[in-house]
Amino acid sequence: MDLQTIAAADNKLNSIWRAVVLSDDAPAPINETVALSIDSKLELVWTVESVAKSVSAKMGFDEDDSGWIELAAREAVVNAIKHGNHYLADKRVDVEFLGGQDTITIYVRDRGEGFDPTRLHDPLDPENLLNPTGRGILWMRTFMDEVEYSAHPEGGCVVRMRKYKRSSKKQI
């Protein structure tokens, strides 16, 4: 599916795409929210990745951190589509990027039944090293400074991820 087909199908996404992804403006902090909602289709994940990388770059994150933010957003959306919504066409995935002075916060919401992250198997356990799944949450936790899960009042799971700029990283 090419960019024109996706953008024509969703005018809101088209506006976001033009304003955020295709702009050549110099990086600057954005104190705004960029929100999009996609169908539960893996072929739409690249759109979220592109927005994530562009928003983080515009906020002044360096190329490495923008790449990590992009990958974390990708993993959260893939998990929402596969595990939360079970690829059901009538269930959407909502994604919000909140740009702050020194942070980016990303919310990803599915319409599934939710899950308990404490029940996940450790992908670094020797028994799980050859398992082809289970690495996405590990990557999200590795690449972002904060990752939290909660139940949405209307159903589904919400993942909140936050990344601080290196120069202002929150001291723990």
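Computed from the coordinates by the stated procedures, all read-outs in this text should not be read as laboratory data. Remember, predicted model here, so these are calculated numbers, not experimental data. As a convention, Cβ positions derive from the backbone with ideal geometry for all residues, glycine included, and neighbour counts pool all protein chains shown.
Observations on the structure shown:
- Annotation: peptides 158-165, 72-79, ranked by per-residue average of other Cβ atoms within 10 Å with the highest first, follow the order 72-79, 158-165.
- Alpha-carbon gyration tensor eigenvalues x 5, square-rooted, for segment 54-127, Å: 25, 18, 10
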